[in-house]
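Enquirer: Input: one structure, supplied below.
We did not get these values from a lab; they are worked out from the coordinates using the rules stated. Model, not experiment: these values are computed from the prediction. All Cβ positions, even for glycine, are placed from backbone atoms using ideal geometry, and neighbour counts span all protein chains on display.
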Amino acid sequence: MTPISHRRATCGAFAIATVLTGLIWRMAPLHLPFFFWKYGGSALWAIAVYWMIAFLLPKSRVATLAVLASLFALAVEFSRLIPSPALEAFRETLAGRLILGSIFSPRNIVAYWVAILAAALFDGLKAPGRKPN
């Protein structure tokens, strides 16, 4: 396995694991306090975004991945302020709520950025298949 394919496989595995964890976090009756349920789910969403971008761009530097994930998260959050019948219809579905959310919240942005920073730090320091920058 080449270093790039190993990196891609690692990032893909982390993305899948994070998505599955996020689904359990949001949908299973874990009886978490609201703060942890809400912002933990948002953090897991942002971490999944980071690993998906890393999967698509396996040669990119950690800082680049973090910036791209942060910009994507911002775009999704601010898209909630755009009145669009198609987006609103999608957001009413389970997939739409999980992928795009429904209500704009600056606190979500903070949760996203903290989570992306944590994922980037892990990626830069510990993730298998990562070449040092």
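Enquirer: For a paramagnetic label modelled at 7 Å from the Cα of Phe122 toward its Cβ, which residues of region 42-72 fall within the zone defined by backbone nitrogen distances under 17 Å?
Expert: Hits in region 42-72 for Phe122 at 17 Å: 42-56, 62-63, 65-67, 69-70.
Enquirer: Quick one: go through region 1-31 and flag any residue whose amide nitrogen is under 17 Å from the point 7 Å out along the Cα-to-Cβ line of Lys59.
Expert: 2-9
Enquirer: Oh, and also: Between Tyr39, Tyr50, Tyr112, where does the largest GNM mean-square fluctuation fall for the chain, given springs only between Cα atoms within less than 10 Å?
Expert: Highest fluctuation among the options: Tyr39.
Enquirer: Taking one equal scatterer on every alpha-carbon of region 3-125, how large is log10 of I(q)/I(0) by Debye at q = 0.09, 0.10, 0.22 1/Å?
Expert: -0.25, -0.31, -1.29
Enquirer: Let me ask you something else. About its Cα centre, how strong a charge dipole does region 3-125 have in debye, to the nearest 20, once Lys and Arg get +1 and Asp and Glu get -1 at the Cβ?
Expert: Charge dipole of region 3-125: 160 debye, to the nearest 20.
Enquirer: With label points built 7 Å along Cα→Cβ from the Cα atoms of Thr2 and His31, find their separation and express it in nm.
Expert: 5.2 nm
Enquirer: Once you have the Cα-Cα distance between Arg107 and Ala17, take 0.36 nm times their residue separation minus that, and quote the gain in nm to one decimal.
Expert: 30.0 nm
Enquirer: Another question about this same structure. Among all helices in the chain defined by DSSP H, which have a length of 30 Å or more along the axis from Cα atoms plus a Kyte-Doolittle mean of at least 0.0?
Expert: 3-27, 34-56
Enquirer: Still on this structure, I have one more. Show me the GluC sites (Glu not before Pro) within region 1-104 that DSSP assigns to loop and that have at most 13 other Cβ atoms within 10 Å of their Cβ.
Expert: Qualifying residues, ordered by number: Glu92.
Enquirer: Tally Lys/Arg at +1 and Asp/Glu at -1 over every other residue whose Cβ is under 15 Å from the Cβ of Gly22; what's the total?
Expert: Counting the neighbours of Gly22, the net charge comes to +3.
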